Amino acid sequence: MTPDQIVAAVMALVAGTTNPTDFATIRAGGADARYPVTVEACPRPLPSGEIEGQTVICGRVEVPEVHGKDDSRRIELAFAVLKARTQSPAHDPVVYLHGGPGGGAVKDLWSIVVPIFDQFRGRRDLVTFDQRAAGISSDMVTCLDTLGANIVSLMAPGALPESTSEGDLVAQCLDEIKAKSGDITAYNTTQNAFDTQALMRALGYDEWNLYGISYGTQLALEVMRSAPEGTRSVVIDSVFPTDVKGYDENIKPLQESIQATLDQCAADTACAAAYPDLEGTLVRVADKLQASPIPAARGRAEITLKALIDLFDGRNSSGAWPQITAHVPLILTELDRGETTTWDMLTSGGTRKIPTSAERLTPVAGNLSPEQKALATVLLDHAGAQRTDDAAMAAVLSALSDSMQRSQSGASDLARRFDAEVTRSITATGSRQMMLDFVVAYAALATQAPTRQGLRDLVEPRLPASDLPQILAVIDLMTEPDIRAVYAAVSGEARNAFAGMVGFFDLMVIACQEQIPFNTIEGYAAYNATLKWPWLTLSNKADTTIYNICPLLPPAPRPEFLTPVSSDIPTMVVYGLNDTQTSSADARQAAETLSRSQVIEVPEAGHGSIIFSQCVKDIGMAFIERPEIAPDTACLATLKPKFVLPPG
């Protein structure tokens, strides 16, 4: 942020006022009476520099559980709208469709949505929402009561002499989910597609552009098929087509990514000359590591075949060690000789080290005068310091935003005082059983309506009598905002504690109904029997969980959903060569039935190509600006790995 932007953000935060014209349609209850809109506080922390009510607004849109059914139960979808950073925005926003199914996006504005998509706000509003059975919108298919009742067993395995088995816990959770939802078969991608259109109309938009990643691509494709009106253009990045047996073929993307590395080396003149039989080297190394791993030594862990597979698989994530692909040929060549020099350098973070100013200038130092070198050093040092300052400024702005939000909510510090008092009281008992009982009861607040009596019912039977007068006095002093703050804190803690389990069930509710029996354990085994490198079944991709869990949730297949999507909506199909979650071949296949599609292959990108480079962001923006014209993709050539050659 520039100094002027920081000043403007700080003054807007401390003033605490909003322009009534900002998000006027949303504040008024939405643009479509069929889908009422309510405003609520955005999840914290907010992205740095965002002002709630001015640059960002959050809330819920009410939609039918079953679209087209007049007497359908109603459900709520959480959304966020981030305003364009221009006084003359385009009328058609970008809509980010998150992955999963069950991933969520609204709670991740600061960590995922804005870092990836903020650039699009130079011309357009940015909209995202938590799909049904996902994130904040997942309450109707979340088993928080069951999880809360088993919180001790989940958080501290072995703490209780008797606890619910994993199988029974899953069965109980699914029973609770089925009881909560009016029609559990309505939690599917087609209803999600109708939701997308309904939500955008409710927010007041006539046209929009979709950007889907992972499962979000499947949703985007289904929007194009089932609810296309209003969709101007589509980007599908890391594609999961509707007609692909993604669970049976879960290892396929990993195999493709390894093959792509071999092919890129073969197409590179220097790499091909230095490593003329790289595939043969890979096969020999795999055989050697499978028979006899390299022992732990050198302060390093054992190098197994699984570790080598994980090295390839790790490129799928943007948090992986940089330049893995560039070093793969040399690593394989050294491992074939029993050497580990490059492996050790890479896996110890050698490619992640930020070079000093002197190191950056070393390649050109001979061409610089002393004065030029000194000036360049000052500028590079300043850039490094500014990066640190910017991170600190962002943290302070976020803290100020959170503090102002608490003040404006009307809550005092009594919620935090209550938490401190009950924690002190129950801990001082020294009774393991009392603490366990209290934790279970405390977790149960996550699904209850906030009331003063609920807090009294929590503490009176469970805390020492000597502590009750002081704690009950705190409860009596609380205002309604204070009470809501206590329950919100409990709900947040519970959701964080159960995030893994909740996300798992959110995924299964949709995947089990749509993908089983389209995918089967027999199909999984049959596909794996065709692998070019059978040892890939050692990878983390060899996962049969869905086949074990889904029998507990009866399938609700829709044969028409499991067919290719045909559409003439302008579409950009994007895939990364390092993606080990979704298949490049499947992406190209999806494009075949999209008559106005453009296919973009991205080197050195894993799952969610846009995450890995500015190049993909720029191409995406250019496409959405003018979807009828092929964007300039010359920058993709700069992403190709620069393979490291053997010394000498």
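The values are calculated or read from the model by the stated rules, or taken from the named source; none is laboratory data. Quantities reported herein were computed from a predicted structural model and do not represent experimental measurements. So basically every Cβ, Gly included, is an ideal-geometry build from the backbone, and we count neighbours across all protein chains shown. SASA here: full protein model, heavy atoms, side chains in, ligands and nucleic acids out. Shrake-Rupley method; radii C 1.70, N 1.55, O 1.52, S 1.80 Å.
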Would a scan of the range 458-476 turn up a residue that is open to solvent by less than 60 Å² (accessible area, probe 1.4 Å), closer than 30 Å to Val502 by Cβ and touching a residue at least 60 places away in the same chain (Cβ under 8 Å)? no
Checking Ala193, Ala179 in turn, the sole residue that is in contact with a helix residue (DSSP H, G or I) (Cβ under 6 Å, 6 or more places away or on another chain), among the small types (Gly, Ala, Ser) and part of a helix (DSSP H, G or I) turns out to be Ala193
Determine, yes or no, whether Ile521 is buried (at least 19 other Cβ atoms within 10 Å of the Cβ) and of a type in the set (A, V, I, L, M). no
Filter result for the condition that a residue is modelled with pLDDT under 90 and either within 30 Å of Arg44 (Cα to Cα) or not polar (S, T, N, Q) (or both), over Gly338, Gly314, Gly319: Gly319
For the range 592-619, which positions are open to solvent by 10 Å² or more (accessible area, probe 1.4 Å) and assigned to a helix (DSSP H, G or I)? Ile611, Gln614, Cys615, Lys617, Asp618
When you scan the range 576-585, do you find a residue that is touching a Lys or Arg at 6+ places or on another chain (Cβ under 8 Å) and either farther than 28 Å from Pro641 by Cβ or not hydroxyl-bearing (Ser, Thr, Tyr) (or both), even just one? yes
Does Ser348 qualify as being farther than 30 Å from Ala297 by Cα and among the polar types (S, T, N, Q)? no
Considering each of Val66, Val56, Val39 in turn, give the residue that is of a type in the set (A, V, I, L, M), open to solvent by 60 Å² or more (accessible area, probe 1.4 Å) and in contact with a Lys or Arg (Cβ under 9 Å, 6 or more places away or on another chain). Val39
If you take the residues of the range 426-453 that are at pLDDT 95 or above and in a helix (DSSP H, G or I), which of them is nearest to Pro481 (Cα to Cα)? Arg452
Subset of the range 204-230 [open to solvent by less than 10 Å² (accessible area, probe 1.4 Å) and in a loop (DSSP other than H, G, I, E, B)]: Ala227
Regarding Ala24, is this residue over 27 Å from Ser491 (Cα atoms), free of Cβ contacts under 8 Å to residues at least 24 places away in the same chain and open to solvent by less than 50 Å² (accessible area, probe 1.4 Å)? yes
Of residues in the range 69-109 being assigned to a strand (DSSP E or B) and open to solvent by 40 Å² or more (accessible area, probe 1.4 Å), the one farthest from Val235 (Cα to Cα): Arg74
Scan the range 506-530 for residues that are in contact (Cβ under 8 Å) with a residue 24 or more places away in the chain, more than 19 Å from Ser181 (Cβ to Cβ) and among the hydrophobic types (A, V, I, L, M, F, W, C) and jot them down. Phe518, Ile521, Ala526
List every residue pair whose Cβ atoms lie under 6 Å apart, where the two residues are 6 or more positions apart in sequence or sit on different chains, the first residue falls within the range 226-252 and is modelled with pLDDT of 95 or more, and the second residue, located anywhere, is among the basic types (Lys, Arg) and surrounded by fewer than 22 Cβ atoms within 10 Å (Cβ to Cβ). Asn250/Lys541; Ile251/Lys541
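Residue by residue, here is whether (1) at pLDDT below 85; (2) in contact with a strand residue (DSSP E or B) (Cβ under 8 Å, 6 or more places away or on another chain) holds:
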| site | (1), (2) |
| --- | --- |
| Gln119 | no, no |
| Gly122 | no, no |
| Leu126 | no, yes |
| Asp130 | no, yes |
| Gly135 | no, yes |
| Gly148 | yes, no |
| Leu174 | yes, no |
Looking for whichever is loosely packed, with under 15 Cβ neighbours inside 10 Å, free of Cβ contacts under 8 Å to residues at least 24 places away in the same chain, in a helix (DSSP H, G or I) and not aromatic (Phe, Trp, Tyr) here; the options are Ala637, Ala622. Which one fits? Ala637
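Just give me the residues in the range 420-448 being among the acidic types (Asp, Glu) and under 14 Å from Pro461 (Cβ atoms), in sequence order.
Asp437 - this is the single residue of the range 420-448 that is among the acidic types (Asp, Glu) and under 14 Å from Pro461 (Cβ atoms).
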Quickly run through the range 543-569 and pick out the residues that are under 20 Å from Thr189 (Cβ atoms) and assigned to a loop (DSSP other than H, G, I, E, B). Leu553, Pro554, Pro555, Ala556, Pro557, Arg558, Thr563, Pro564, Val565, Ser566, Ile569
Looking at the range 280-290, is at least one residue closer than 19 Å to Val644 by Cβ and among the acidic types (Asp, Glu)? no
I want to confirm something. Restricting to the range 454-484 and keeping residues that are farther than 17 Å from Ala420 by Cα and in a loop (DSSP other than H, G, I, E, B), which single residue is nearest to the chain's Cα centre (by Cα)? Thr479
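Given the criteria open to solvent by 10 Å² or more (accessible area, probe 1.4 Å), among the aliphatic types (A, V, I, L, M) and touching a helix residue (DSSP H, G or I) at 6+ places or on another chain (Cβ under 9 Å), does Leu562 qualify?
Yes: the conditions hold for Leu562.
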What number of residues within the range 26-60 satisfy the criterion of being assigned to a helix (DSSP H, G or I) and in contact with a helix residue (DSSP H, G or I) (Cβ under 9 Å, 6 or more places away or on another chain)? 1
Can we say Pro627 is out of contact with any helix residue (DSSP H, G or I) (no Cβ under 7 Å at 6 or more places or on another chain), open to solvent by less than 30 Å² (accessible area, probe 1.4 Å) and not in a strand (DSSP E or B)? yes
